Amino acid sequence: MHLASKPKGDMTLVIPDASMKVDFEKHVLPILERSCFECHSGQLKKPKGGIRLDDLESIREKSRSDNLLLPHKPDKSTLVKSISSNKDDDDLMPPPNEGKPLSAEEIALIRRWIDEGANFGSWTSMRAKEVVISTQNEVVDVSKLQAVAERIDELIEADLTKHRMEPRPLANDATWLRRVYLDLVGRIPSGDETRRFFAAKEPDKRSRLINALLASNGHVSHMFNYWCDLLRAKDNLAEGVQGDFYLAWIKQSIRDNKPFDEWTRELLSPEGYGWRAPAAGYYLRDGENRAANIESTATLFLGTQISCAQCHDHPYSRWTRKDYHQFLAWTSGIKTASKEDAVGIVEAEKIREAAERYDRLAMAGMSYERQQKYERIKEALLALQRAAGGAGVVNDAGSPAVLPEDYQYPDGKPGDAIPAAVLYGEPPPAGERPAETLAAWVTSPQNTRFSLTLANRLWAKLFGLPFAGRVDQVREIADCESPDLAQYLVHVVREAKYDVRQILRILCLTRTYQREAGLPPDDNEIVYRFPGPIVRRLSAEQVWDSMMALAVKDLDVKLNFDPPGVAALETAVGAKKTSDVTGVARKMAGEEEREMKADQRRARLRKEMAKEFAGGGLERASELPQPAPDGHFLRMFGQGNRDSIGDAWSASTVPQALLMLNSDFFDHVARSGSPLAESLRGLNNLRDVARGAFLAVLTREPTQKELDACQETLGDTRNAKALARMLLSTAEFMFQK
C-alpha cells in the first residue's frame, strides 16, 4: 500500500478479548493506517504538525517533546485528545472530510492500548519489513578513497532523484576552505593559509589540504575537544580524582590515530592504577555509580538510550528493566580504588621515610625559601608515590548480579541472581573478566550498531545532521531514510578498520561535503536528504580557537601533547634506590618553583586582561582547564560543564553580543604583533583595508556592496581593526556554511 494513498474502507476492526493485551501491529496499526497515514506518514515531505505515525522513532520523538503518547496515561496523551475531540472542534483528527473518523470502539481500543503501556512489540516502521537494501553485500575497497567517496555521492544523489530533489552546486574555494578548517582543525584558516590555498593551482589541492589538516597538531586539538565533550572528560573526574592522565591519554590516542575499536576496548575493560592505566578514567569519571557508566556506554558506542529502564520498563523502547540490569551485570567486576604504591623497585615505606625526612627539614629553623624548597620536595615524593599507584580500576571476575530490591515485574523477584546479557544478538565467547566480554561484544565487526553509531556521529560532525536518527538514538538500518547509504557507510567503517581519520578523509572527499550549505529542515519537514551540508553555529571551542588564530602566530605549531608528569614518572619507576627517586623529586620541585613564578607573571597579566580569560591565556581551548571555569569566554559561548554527554549548547545570547562589541577582549586578540594586527598593518586605501579585514575574519573577499557599506561606515578613518571587530560580531563569523 502507498502510505499516502487513501486506503480501502473495508478494514475490519479486531478487538482482543479482555484477558488479552492489545497487540499494536494486529489491533492498533490498521486503524492508524486507514485514518491517519494520509496526513501523517513519511511519504509526505511535510507531515502535518511534523507528526509521523508510520515510524516508531518519530512517534517516540513527538512523545518526548509533545506528549503524543504517554504510556499508562491515555488522558494526557495528545493523540487520544485529538481523536476524541468533538466533531466541531478544530483539533479533531482526522479532520472532517479528510479521512474516516474513528469509531467509539476504535478510540476505546487505542486508549486501552496506551493504558496497558503502549507496547509496540517488534514493530519499528512501516517500511522496515519491506525494504530491500541494495548495498547489503557490497564490497568496499577503502584504499581507493575517491571511488568510495563517489559511491557515497551516487547513493545520496539517487535518493535525491527518487524524491525529485536536486543536489546543491559545489561551494567556491573560499567557502570550502573555511568549512574544512573548522571541521578538521576547529578554527578558521590564518591569512597566510588562506593566501597559499587561493594561490595553489594543482587540481587536487583540496584533497592535499584535507590530508595536511588531518595530520596536523590542530586536528589533535580539535578532536580532543570533540571527544572530551562526549566522554565527559574533565580535570577533576570525581571527588579527589584528578583527570590529568586520562586527558593526556585521550590526546595521545588521537595523536596516534588509534583505531576507534581499540580505544573503546581500552575504555571498557581497563586494569590498573595511576598513570599506567589512564583509560581507567572512563570508569573513574562515575566513581562507584556503574549505572551512570553503563548508560553512557550504551549511548556513546551503541547509539542507544537505556536510562529509563533502570527503574521501569522503557516507555518508548523495547528495553525492559531486566534487560537493563543484565546489561549492567557486565561491569560487576569493575571497582574503583586507590592505593599507595612502590615507585619502581623502591618500596613504599622507603618513599615515606624520605618524605618524612624532608618534612623535618622543612620544619627546622632556616630561611623561608629553603623551608618552601624542602616542602616542595616532600610533596613531589608523595606525588610520585600517588601517581605510581593512585586512583585506578580493579577489573576482576566480579560477583553474581541480582535484581534490585524494588523489582516489580513477574519475570523475576527482588534479589534473584541474573546472568549478564547483551542487549541484542549473541555475546562473544566469554573472556576472563565480564568487562572484557562486554568490550569484545561492543566492538565486534558483527555488531552493526557500533559501526553505524560511529558513522552517524562523524557524518553529523561534518554535515551538520545525522543520517541515521539522532546521534544518541540511532535507527536500525532498515528504518533509515536511505538504508542503502546507511549500510554502505557501515561497510566503510568496518573496512577502514575503525580509522577515524580515514573515515573523515573519505567523507570530506565527497561532492556532497563540498556542496553549498543550506538551512536545516524546519519542524514540519522531518527528513533531510543531504543535497549539501547544513548551515550551523560554531561551537564555543571553534569560536575561541578562531579568535586565537587571529591572536597567536603559529598557534598549532606551539602545541605540546606530552602527557604531564609522565617523563618524571618513567624516570622514577626505573630507579634502583631511594636517592634516585629523591633526585627526580628535587628536579620536580625546581620545575614547580619556576612554574609558580611563571604563574605569578601570568596572574599579573590576567589582571590587565579581560575577565573572559579567567583560568587561561592566549592558547587553544584544548590547552585550557577542562572545562573552562564559569565566566570564561568558552562557557559564555556554550561550552558544557560535562556533567552529561554532549551538554554543550549553541544558542546566541545578549551577553555574547555585548562581549564581542564592548569588551576589551578584542584588544588582546588584535594586540601589536598578532597575526591579525600584522595582516592589517600598513593598509591605507579603503579596498585594501576591507580586503584585509574580510580575508582575515571571514576567509573571503568583500563584495562591491560590502565595499560601499565599509565606505559609509568607516568614512575617512580607514580603521582596519575597527572593521575587523565589526566582522567578528557578524552572524557570518559565528556560523559555518
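No value in this document is a laboratory result; all are computed from the given coordinates. Since this is a predicted model, take the numbers as computed values, not measurements. Counting neighbours? That spans all protein chains shown, and the Cβs are built from the backbone with ideal geometry, glycine included.
Descriptive notes on the structure:
- ALA348-GLU288 FRET efficiency (beta carbon distance; Förster radius 22 Å; 0.05 resolution): 0.30
- Given +1 at the Cβ of Lys and Arg, -1 at the Cβ of Asp and Glu and no other charges, the dipole of the chain around its Cα centre is 1940 debye to the nearest 20.
- Taking one quarter of the surface of the convex hull spanned by the alpha-carbon atoms of region 24-115 gives a direction-averaged projected area of 5.6 nm².
- Here region 657-736 yields Rg over Rh of 0.93, to two decimals, using C-alpha coordinates and the Kirkwood radius.
- Expressed as a fraction of 2.2 N^0.38 Å, the C-alpha radius of gyration for the chain is 1.10.
- Restraint check, LYS48/LYS461; LYS48/LYS737; LYS81/LYS322; LYS201/LYS737; LYS21/LYS413, Cα-Cα greater than 26 Å: LYS48/LYS461; LYS48/LYS737; LYS81/LYS322
- Neighbour-limited loop hits for trypsin sites (Lys or Arg not before Pro), region 633-680 (at most 13 other Cβ within 10 Å; DSSP other than H, G, I, E, B): ARG671
- Whole-Hz Karplus values for region 497-504 come out as 6, 6, 7, 4, 4, 5, 5, 4 Hz, taken residue by residue from phi with 6.51 cos²θ - 1.76 cosθ + 1.60 and θ = phi - 60°; glycine and proline positions read x.
- Put a dot 7 Å past the Cα of ASN236, heading toward its Cβ, do the same for LYS497, and the two dots end up 4.2 nm apart.
- Length gained on full extension, VAL654 to ALA200: 159.4 nm, using 0.36 nm per residue less the C-alpha separation.
- Normalised contact order of the chain, rounded percent, pairs of Cα under 8 Å and 6 or more residues apart: 16
- Amide hydrogen neighbours beyond the local backbone of VAL474, cut-off 5 Å, H modeled: THR304
- Taking amide hydrogens as placed 1.01 Å from N in the peptide plane, the amide H of ASN236 sits under 5 Å from those of GLY243, each at least 5 positions away in sequence or on another chain.
- A cut-off under 11 angstrom between Cβ atoms defines the neighbours of ASP479, and their net charge, with Lys, Arg +1 and Asp, Glu -1, is -2.
- From phi via Karplus (6.51, -1.76, 1.60), per-residue ³J(HN,Hα) for region 372-384 in Hz, x at Gly/Pro: 5, 4, 5, 5, 5, 5, 4, 5, 5, 4, 5, 5, 4
- Estimated vicinal HN-Hα couplings, Hz - region 400-409 in sequence order (Karplus 6.51, -1.76, 1.60; Gly, Pro = x): x, 7, 10, 5, x, 5, 9, 4, 10, 10
- Translational diffusion of region 691-737 was estimated from the Stokes-Einstein equation, with Rh taken as the Kirkwood radius over Cα pairs; at 37 °C and 0.692 mPa s the coefficient is 301 µm²/s.
- For GLY390, residues with placed amide H under 5 Å, excluding near neighbours: LYS339, ASP341
- Counting charges near LEU403 (Lys, Arg +1; Asp, Glu -1) among other residues having Cβ under 13 Å from its Cβ returns a value of -2.
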